[in-house]
Amino acid sequence: MKSLTILKIGGNVIDNPKILESVLRDFAEWQNSKLLVHGGGKIADKLLLKLGITPTMVDGRRVTDSATLDVVTMVYAGLINKQIVAKLQSYSCNAIGLSGADANVILAQKRQVVGLDYGFVGDLETANVSEKTLTNIFKSGFVPVIAPITHDGKGILLNTNADDIASSVASAMAKNFSVQLVYCFEKAGVLHTPDDENSVIDFLDTALYERYKEQGIFTAGMLPKLNSAFAALHNGVDEIRICNPEGIKQGGTRIKL
């Protein structure tokens with residue numbers, strides 16, 4: 001099987017231009033097929049506040065009303081996505097920016113939570129990622145850069161968690177590729193002690209993950225990322241790494257079943 005590396009970069013990477021440039025330069029040098037998924041950063045929050053809209057977060061997920069959806073679509077699928085594409089092009093990486101609606105790459109369903117309306121927020125299933133379309137994009141010599149905006153197939157855009165997009169895309173592509181998924185954010189990896197950057201857990205498998213979770217080792221912010229990671233592994237992804245920009249080539253926490 002051909003190799004595919006998927007890189008997901010978070011908001012703290014996007015918010016720092018020097019770090020983002022370094023990460024994109026490293027990504028551009030990767031060989032074989034590759035794909036990038038990015039989050040949103042703080043730009044959307046700043047613009048929302050300028051427009052008199054108060055950002056609302058619940059359990060780390062943005063509540064997205066109609067006005068907020070307009071802003072995050074402009075920022076995520078527009079400004080940030082095209083800035084990343086332009087920077088990759090400057091490194092001779094022939095990137096193409098996509099939202100989930102483009103070429104019907106990613107369908108989602110509006111989140112249904114009893115007692116809470118997240119608004120225009122989408123949840124994913126692996127079956128709703130178009131592996132065929134992405135494979136054709138690779139064959140055409142392009143590197144996809146996916147923004148965290150999806151659609152429901154009925155004309156409605158949905159704001160969707162970028163970690164979940166990375167996990168679902170990796171799972172879909174694992175049908176025909178040997179996939180490694182790399183989550184790059186501000187921490188050096190999964191930490192045994194949240195405030196100690198030197199306490200990186202080098203390796204996690206299912207047994208260790210369950211043991212550490214029972215011990216309360218993982219923070220609330222890390223748990224959704226790890227849940228997405230293990231979901232991808234159970235769907236055929238070979239390996240996942242969680243790292244910071246300095247460890248993007250080989251460092252961080254390596255995760256396997």
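The values are calculated or read from the model by the stated rules, or taken from the named source; none is laboratory data. Please read these numbers as outputs of a predicted model, since none were measured by experiment. Positions of Cβ are generated from backbone atoms using ideal geometry, with glycine treated the same way; all protein chains shown enter the neighbour counts.
For Asp117, the test of being more than 19 Å from Thr150 (Cα to Cα), modelled with pLDDT under 95 and not hydroxyl-bearing (Ser, Thr, Tyr) is failed. When Gly189 is tested against (1) of a type outside the set (Lys, Arg); (2) surrounded by 13 or more Cβ atoms within 10 Å (Cβ to Cβ); (3) in a helix (DSSP H, G or I); (4) modelled with pLDDT of 85 or more, exactly one condition is not met: (3). Summed over the stretch 162-186, the residues that are surrounded by fewer than 19 Cβ atoms within 10 Å (Cβ to Cβ) and in a loop (DSSP other than H, G, I, E, B) give a count of 3. Does Leu208 satisfy being more than 19 Å from Gly97 (Cβ to Cβ) and touching a residue at least 12 places away in the same chain (Cβ under 8 Å)? When the stated conditions are applied, Leu208 does not pass them. For beta carbons closer than 9 Å, sequence separation of 6+ or different chains, a first residue in the stretch 217-233 that is closer than 16 Å to Ala170 by Cα and in contact (Cβ under 8 Å) with a residue 24 or more places away in the chain and a second that is surrounded by fewer than 18 Cβ atoms within 10 Å (Cβ to Cβ) and hydrophobic (A, V, I, L, M, F, W, C), the qualifying pairs are Phe230/Leu257; Leu233/Leu257. Taken over the stretch 246-257, the residue count meeting the criterion of being in contact (Cβ under 8 Å) with a residue 40 or more places away in the chain, outside any strand (DSSP E or B) and surrounded by fewer than 23 Cβ atoms within 10 Å (Cβ to Cβ) is 7.
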